[in-house]
Every structure is written in structure tokens, then in C-alpha cells.
1. Determine which member of the set Val184, Val160 is touching a residue at least 60 places away in the same chain (Cβ under 8 Å), of a type in the set (Val, Ile, Thr), in the same structural domain as Met71 (by the TED database) and assigned to a strand (DSSP E or B).
2. Of all the strands (runs of 3 or more DSSP E) wholly in segment 506-593, which have at least 2 residues that are within 18 Å of Ile635 (Cα to Cα) and outside the structural domain of Pro496 (by the TED database)?
3. I'd like the residue in segment 370-390 that is among the charged types (D, E, K, R) and open to solvent by 50 Å² or more (accessible area, probe 1.4 Å) and, out of all such residues, is modelled with the highest pLDDT.
4. If I go through segment 542-553 residue by residue, how many of them are under 30 Å from Val419 (Cβ atoms) and either buried (at least 18 other Cβ atoms within 10 Å of the Cβ) or of a type in the set (Ser, Thr, Tyr) (or both)?
5. Please work out if Cys222 is modelled with pLDDT under 90 and closer than 21 Å to Asp50 by Cβ.
Amino acid sequence: MELLPRSPAEFGSARYWDRFFRQRGQRPFEWYGAFPELCPVLHKYVRPRDKVLVVGCGNSELSEQLYDLGMCQDIVNIDISDAVIRQMRERSAGTRPGLSYLLMDMLHMDFPDAHFQVVLDKGTLDALLTDEEEATLAKVDQMFAEISRVLQLGGRYLCVSLAQAHVLKKAVEYFSREGWVVRVHQVASSGDKQQFVLPVFVYVMTKFRKVPGSAAQILEICPEEQDKPTRVQSAEQLVAAVKDRQHYALLCSQISKTPCREQLSLDLCDKESGKPRYTLHVVDSPSVKPSRDNHFAIFIIPQGRETEWLFGTEEGRKQLAASAGFGRLLTVSLHREQHYQGMVAIQAELSGKVMELAPPGLPAWQQVPFLSVGGDIGVRAVRHCGSSPLSGDFVVEDVKGDGTCYFRRLIFLQNRNVVQSEARLLAPTPLPGQKKRRKDKKKASPTEAPGAIDKSYLCCEHHKAMVAGLCLLGGPDALPGELAVLVVGLGGGSLPLFVHDYFSQARVAVVEIDPSMLEVATHWFGFSQGDRLQVHICDGLDYVAKLAAEAPAQYDAVMFDVDSKDLTVGMSCPPPAFVEEPFLQKVKTILKPEGVFVLNLVCRDAWLKESVLGALRAVFPLLYARRIPGEVNEILFCQPGPAGRPDPSELGARARALEGALRRPGRPWDSSYVLADMLQAIHIL
């Protein structure tokens, strides 16, 4: 039996619909949207005393169901198919006196003006607007004009639709231009993904008198999970919001049937602000053998730990999923701008949504566990929010790490998953006369002011490697009496501060282009200037160029730890201009012949990285590299001098001797930081 039209134009043909309904017989045909799903939305806009017009009624049961439930007792149904009108009259004869069926073309209706309070359309607009040809659009304009004519002021046009972009845009633009209020509801799904994948929407267009000269539009969207509508500013935004919902539905359908070959990422946004509240990653582990209860689990990443390798990288999440032993692991990151009540509240908030992302074959009876580290959601306290013309919006926050340690971090919000600077916090010290907190007393509040900055601890592994690179200058006896160090890029100041504090003979100059960073480092990271530590607020390119011209060969070490603000380049550290060959020549000029240039390179673009290495080789005869495990960072050590390359054993001896000299009585030293270990993995390029 061939029921599909030969061309889209047949959707507007009475002959086609007569043939369709004769061949289909008495069985009701619902395009989409079962009544139980539509009822909660229709109930808001259809009152029992309303006079309702259903255009293109077909043999749908919608009118009968509205009538039988008492939602409306006066419903007029029209259609261009004589066959279906006769069929529907017979079906309701003698049982539903308030239902009437008329053979009528909705483009040319016989009703008087302002005759109805509600016009209901289930799939008719979708069937008519199959393309954007001029003739089709003219028919749609005629349809809208007739609906507008027969509706009273304050009346509602309710259109059940799949919301294809061109259909939604046409309806929104037409009625908003006429001064109507436009609201789009997403219909709650029954959960039967086999019947229909795409979500169903109801456009609610409320008729208001058009105000001459007014360009104001009221456009709203009401997703299935919230009752309160959200205002949008344009038809384009409304179409985009609907498209996001459609893509999500298709995604859920796809991953409910087949495993994910690649990790999927999506944001769940806050209902009020529209800002991301949760970031979800779907991670499938084909190597995990399915068993009774290991199909699916949810892992809540503690606040502040989403940047760690295990949680913040694709490889890390793969390892996490495999070690957890579940076929599909859904990791959940919490956003710093949002407030969370606790693990139980998060589970309640997410339980319905995460089940839409369940894997194929998940038994209906199986409970899905929520996992975390230590069973809590972690601690994050934002200490300072700021903005800079150069760095954009940034925050300083305190987070709880693995164990009992707390850390302070600087985050640039344009790249919110990267920690710009980090420092460990010391435990709070009781004031004189203040009693120590007893173990059985109430624990400290997460927002209680922490202790001071632990200046002896370098949180960033790449900073540890950069400091270890000073061993290339020689052992402690070979180091110059006054070590001159230039650091380009301040951040929180931990790198130059460590060099200043632990190399008592060092004089450190820091170049930072953003004055806001000096304020942040001073007020929040324990940084302070002195006779041996000075900050120059200027562009590092200009500073090095001026030194090369006026005062060459004055630094024992030059360190670049400067980030790029251009996120479109495949190298986030340093900016490309800092590794161009002419500028590297200037860096070589300000180095002493036996000095060392240390560069923190973060480059994901293989071709660009090879280009950088080529420029470095062209300028510096000696080039070493130290990769940071689990990170993209690679520390490059470059020397201009003619001296031969030290062998690994010599470097190890230098490192041990230097560390012994730096570990003096009364000076804290992190026992996990071993200079020799930092240099053990160094290799020659």
C-alpha cells in the first residue's frame, strides 16, 4: 500500500488525502505527539468554554480526546478531504454533540471574523510548508492570514510541529511582526525512542492588537524540564535554541543504540541564567566485559579538580572509566559560577537527565550508581573576580586538592579549564591566645579564610623543570656569584619568587604586560618585590629588543612562561612572535655565552611545533627538551655557548649538589621535588 506522496506538493492536494484516508481505513493516524504528551501543554491554553477550530483534522483522535476529557466542549474540525470528513462524522455521530466536522479549505474559510478563541493545528503547517518556493510561502501566508482573521484578540494559535528550522522561522517572523506573543513549548517525551526520535514542539501564538510603529517582540521558549519560559531576543536565537534540543534528542537516540566511538561532551545549562551548570562527558570502555551491574555509572568530579589530567583530558577520562570498571561512564564537572547543595541534591537534579544518556542494553531495573572521590563534591571558594583588557575575565579561587591540602588558583575564564597559576596554602595558624580547634569540634567552613601561601612549594610540574634547568649553568660552585635571571610572564609569581628565595645570589627581573596580574600576584599569591626582585610592566617583545640593543650579554638565564591570548592558534604558550627566529636572536644576544634560555612550550599543532623547534635549532647550538608527563607542556633548554654537551651523569651530579646547597637548615623544601629527577628525562634535540 503506497501512502507516501509522489511529491511534497501533494500534501496540499485534496485528491491525495482522499486516497490516503480511503486506503488507511478507520485506523486513526497521528503524525506525531501522543495525547498524553500533548495534554499538559494544551491544558494551559485551552479552556472548557473556548470555541476551538482544528485545521487539517484528518482522522486524528485529538479532538475526541479533548472532548472526552472535558477540556473543551465546542470543537469545529475542518479538512479538505471529503473521505475523512465523512469518516469522522460517522465515528462521532450521536456520541459527541459538541464535535462538528466540515469540508473546508483552511486557506479560504467561511467563518466570520473573530469567531474562535483557539485554533489548533497538529502537523498541518509542517505538511503545507514542505519547501520555501514562492508558491508555497504564499499559501502559508494565506493560511496565517485566515487563522488571524478568525481568532479573537487574546486568542491562541496552537501549532504542534517538529519545528524544522524554516517552518519555525516562518511562523515566528510572521506572527511576531503582527505584534503577537510567540512562545515555543517542547513536549515532554514519553521515553519511547523507538516510536519517534525527534522532539515535538507546540508553538503558542497569542493574538494582540498590532501597535503601529512598534518593533518590540516577545519571543519565549519553554523546554520540557521547566515550567517558566525563557525570553530570547530574536527569531534566530529561538530557532537556535530549538535546534540545540533537536540535536540533543538525536544524540540520545544514537548513543542509546550503539556505543560511542569518541568521547561526547555536552553542557547542561542553568534554568534561570542559561549559563552552563554541568559539563558531561560520555566515555565508553569497549574493553570492559558487561556483567549484571556494570553497564553504567555517573562520576561527579569534585569542584576544583576538573583541570587535573585524570578528569580534564580525554586520555585521563579513558583511564578513569577503565579503572572504574563500567561499560559507560558519564563524568560530570561542576561550574564555578553555580551553587550546589551537595551530592544528594546533585543526584536528584541529574537523575532524570543522565538516564537519557544510558548505554544500549541497560536493564530497566538496574540502579545507576553515582561515584566521586571521597564521596563529596569537593570545595571551591572564589576569592576574587576581576577583568583586564589584556587577559579578559579571571578569578582567583581556593580549592581542596587530593587529601587535606588546599590550593589557590588563577583561572582565565576564556580558557576556564586551564590553571594559569597555582600555589599551595599553608594550614591556618592560631593567633596568639587563640585555642587550637579540637578534633571533635565542628570542622572549618569551606569558605573559612585559609592560611598563607606556601612559597616553598612549586605546584606546577613545568615550573619545577624550569628551575632544574639552572643546573645547565653548572654545579653550585660553578654558579656565578650574582645570578642574573629574566622571567617573561608573571602570572601568580610563584616561579620568580621561588628563584629569588632559594637562590640567594640571584637578581630576578620579571616582565609582565598586564598590570592586573601584578596586583593579583601581590594581593593573592604572596608576591612582593625587593632589591633582588623587580617587575617591569611592559611588552616582553619590546623589553628584550631594547636590552639586545643597549645591554647585551647580561643574563645567566632567561625564562619564558607567557601564555598566548589567541586561542585560534594551536600553540597556547608562548605567543608565536616569541619564537620567531629574529626575536630568538635577540634572546641569544642578552644571554651570557654560557647562559641558558628556558622555554615553556605548549603546542598541539605538530607542524607548528616542528617550525618552532627549527627556529630554535637555527639560533641555539645546544637544545634539550623535558616533557611533562600527563601534560602538553614541554620545557626546552637552549644554550648559545660553544661548550660541549654535559652527559646525563654529570647533569645528575650537578642537580644533587645544587639541591643540597639550596636545602639549608630553617628553609622549607618540598621532599617530592628532586632536581635530579627533573633532569633524568631530559633528552637532546
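The values are calculated or read from the model by the stated rules, or taken from the named source; none is laboratory data. Bear in mind the structure is a predicted one, so any value in this text is a computation, not a measurement. Counting neighbours? That spans all protein chains shown, and the Cβs are built from the backbone with ideal geometry, glycine included. These accessible areas exclude ligands, DNA and RNA; they are computed on the full protein's heavy atoms, side chains included. Shrake-Rupley method; radii C 1.70, N 1.55, O 1.52, S 1.80 Å.
1. Val160
2. The strands (runs of 3 or more DSSP E) meeting that bar number zero.
3. Arg383
4. Result for segment 542-553: 2.
5. Considered against the rule, which asks whether it is modelled with pLDDT under 90 and closer than 21 Å to Asp50 by Cβ, Cys222 comes out as yes.
Conditions (1) among the hydrophobic types (A, V, I, L, M, F, W, C); (2) under 23 Å from Tyr157 (Cα atoms), marked per residue:
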| residue | (1), (2) |
| --- | --- |
| Val200 | yes, yes |
| Pro223 | no, yes |
| Pro229 | no, yes |
| Lys243 | no, yes |
| Gln246 | no, yes |
| Leu250 | yes, no |
| Phe296 | yes, no |
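Conditions (1) at pLDDT below 90; (2) not acidic (Asp, Glu), marked per residue:
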{"site": "Pro496", "(1), (2)": "no, yes"}
{"site": "Val508", "(1), (2)": "no, yes"}
{"site": "Val520", "(1), (2)": "no, yes"}
{"site": "His523", "(1), (2)": "no, yes"}
{"site": "Gly530", "(1), (2)": "no, yes"}
{"site": "Lys546", "(1), (2)": "no, yes"}
{"site": "Ala553", "(1), (2)": "yes, yes"}
{"site": "Asp556", "(1), (2)": "no, no"}
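Conditions tested, residue by residue: (1) in contact (Cβ under 8 Å) with a residue 24 or more places away in the chain; (2) part of a loop (DSSP other than H, G, I, E, B); (3) surrounded by 15 or more Cβ atoms within 10 Å (Cβ to Cβ).
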site: Ser323; (1), (2), (3): no, no, no
site: Arg336; (1), (2), (3): yes, yes, yes
site: His339; (1), (2), (3): no, yes, no
site: Val354; (1), (2), (3): yes, no, yes
site: Ala358; (1), (2), (3): yes, yes, yes
